[in-house]
Structure formats: C-alpha cells, structure tokens
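S.K.: Once you've had a glance at the structure underneath, I'll fire off some questions.
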Amino acid sequence: MKITILGSGTGQISLNRSSSAYWLQSRAGSFLIDCGSGTLKNLLAAGGDYLEIDGVFFTHTHVDHVGELAALIHALRHPTIEREKPLYLYGTADFVELFHTHIAPLCGLPSRFSLHVETVLPQWHLGDITITTESMIHTPRMASIGYRFQENGQTIVFSGDCDWCPGILTLGQ
C-alpha cells in the first residue's frame with residue numbers, strides 16, 4: 001500500500017494547501033480518502049488518474065472533505081470518457097443522505113458505469129484489504145469515522161478531523 005497526501009488543509013482557502021484528500025494505492029485498487037477542493041488537480045500532479053479511481057472513503061460530510069465529489073462524478077460522466085468499471089463511495093449514513101439529497105441531483109448519476117453509495121461497516125474486506133472503521137469525535141451534530149486499512153502486513157490508519165478520542169487509539173492498536 002502507498003498513501004499520497006493530496007491535501008491536508010482546512011476549510012480555509014490557501015494558495016499553499018488544498019482541502020482534505022489522500023490517494024491510497026493498493027493491490028485492491030486506487031482509492032481516495034476524502035475529496036475536498038483541489039483533489040483532482042493534485043491527483044493529476046501526483047501522477048494519478050481520476051479515471052482509475054475505484055472508490056472514495058469519506059470521513060464526514062463537511063464541505064472541505066466532500067466538496068469535489070460532484071466534480072469527480074461529473075468528469076467521469078463526460079461523453080468522451082468510456083468508463084465501465086464501477087465507482088464505490090463509502091461513508092456514514094449522513095454521507096449517504098447527503099449524496100442522495102444534494103450531490104446526485106447536482107451532478108447526475110452515471111449511465112455507462114455503476115455507482116455504489118454505501119454506509120461503512122465496522123469491518124469488511126475489499127480484495128486483499130481489510131478495512132476497519134471506528135467513530136471519531138468531531139462535532140456533536142455530525143457523524144465522523146476513521147479508517148484502518150490493512151494489506152499484506154502493512155497498516156494505514158486515518159481519521160479526517162477529530163478531537164482526541166478513544167476511537168483513533170483503537171484503530172491504531
């Protein structure tokens with residue numbers, strides 16, 4: 001597994017930092033963790049290809065973590081793109097609701113490939129990756145989760161924004 005930081009900034013606009021986005025490459029595929037503003041440009045600059053993204057894992061629904069998802073789906077739906085492989089979006093129940101009520105009406109749903117929007121499980125397997133999730137403490141009105149990705153003896157633990165919380169310790173053990 002390899003992780004590339006595409007953006008680690010906040011919701012504050014900056015010429016030097018982009019919002020939250022990380023590129024996870026593994027044998028199971030090419031994934032994003034969060035998709036804040038600047039993600040697609042920074043992915044291309046890092047040598048990635050948005051056409052090859054297999055899925056996106058979302059930590060929570062603040063705009064600096066989901067703000068470029070509509071642009072990604074819109075780009076993948078472009079008439080000149082011949083994508084056939086599915087795209088998977090994973091997040092909290094809040095994310096699934098946000099997707100269906102705001103993002104899908106904004107960018108439209110693809111017709112040439114399938115789009116799967118799923119609420120995360122406590123643990124599941126995606127190819128050779130074992131993915132474990134834990135609740136994170138971020139804001140009282142918004143669910144937030146952290147992820148643990150394990151593949152062939154390698155582990156990456158990720159929590160979007162969070163205050164100190166026991167969930168991150170559990171994922172890191």
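The values are calculated or read from the model by the stated rules, or taken from the named source; none is laboratory data. Because the structure is a prediction, the values reported are computed rather than measured. Note that each Cβ is placed from the backbone with ideal geometry, even for glycine, and that neighbours are counted across all protein chains shown. SASA here: full protein model, heavy atoms, side chains in, ligands and nucleic acids out. Shrake-Rupley method; radii C 1.70, N 1.55, O 1.52, S 1.80 Å.
S.K.: Considering only residues that are in contact with a helix residue (DSSP H, G or I) (Cβ under 6 Å, 6 or more places away or on another chain) and among the charged types (D, E, K, R), look in the range 35-85 and name the one that is most open to solvent (accessible area, probe 1.4 Å).
M.R.: Glu68
S.K.: Now, a different point. Considering only the range 107-115, I want to know if a residue exists there that is farther than 19 Å from Asp54 by Cβ and open to solvent by less than 60 Å² (accessible area, probe 1.4 Å).
M.R.: Yes, the range 107-115 contains at least one residue that is farther than 19 Å from Asp54 by Cβ and open to solvent by less than 60 Å² (accessible area, probe 1.4 Å).
S.K.: Enumerate the pairs (first residue in the range 83-108 and touching a residue at least 12 places away in the same chain (Cβ under 8 Å); second residue anywhere and among the acidic types (Asp, Glu)) with beta-carbon separation below 6 Å, excluding pairs fewer than 6 apart on the same chain, so at least 6 apart or on different chains.
M.R.: Sorted first by the residue in the range 83-108, then by its partner, the pairs are Tyr90/Glu118.
S.K.: Would you check if Ile131 is more than 14 Å from Asp34 (Cα to Cα), in contact with a Leu (Cβ under 7 Å, 6 or more places away or on another chain), among the β-branched types (Val, Ile, Thr) and modelled with pLDDT of 95 or more?
M.R.: Spelling it out, it is not the case that Ile131 is more than 14 Å from Asp34 (Cα to Cα), in contact with a Leu (Cβ under 7 Å, 6 or more places away or on another chain), among the β-branched types (Val, Ile, Thr) and modelled with pLDDT of 95 or more.
S.K.: Something else: Among the listed residues Ser111, Ser8, identify the single one that is under 15 Å from the mean Cα position of the chain (by Cα) and of a type in the set (Gly, Ala, Ser).
M.R.: The conditions single out Ser8.
S.K.: When the range 117-142 is examined, which residues are found to be out of contact with any strand residue (DSSP E or B) (no Cβ under 6 Å at 6 or more places or on another chain) and over 25 Å from Ala28 (Cβ atoms)?
M.R.: Ile137, Thr139, Pro140, Arg141, Met142
S.K.: Shifting gears a bit: Within the range 94-106, is there a residue that is under 17 Å from Phe31 (Cα atoms), surrounded by 14 or more Cβ atoms within 10 Å (Cβ to Cβ) and aliphatic (A, V, I, L, M)?
M.R.: Checked the range 94-106: no residue is under 17 Å from Phe31 (Cα atoms), surrounded by 14 or more Cβ atoms within 10 Å (Cβ to Cβ) and aliphatic (A, V, I, L, M).
S.K.: Restricting attention to the range 119-138, which residues are in contact (Cβ under 8 Å) with a residue 24 or more places away in the chain and either over 14 Å from the mean Cα position of the chain (by Cα) or under 21 Å from Gly11 (Cβ atoms) (or both)?
M.R.: Leu126, Gly127, Asp128, Ile129, Thr132, Glu134, Ser135, Met136, Ile137, His138, listed by residue number.
S.K.: Restricting the search to the range 24-34, which residues are out of contact with any helix residue (DSSP H, G or I) (no Cβ under 6 Å at 6 or more places or on another chain) and not β-branched (Val, Ile, Thr)?
M.R.: Leu24, Gln25, Ser26, Arg27, Ala28, Gly29, Phe31, Leu32
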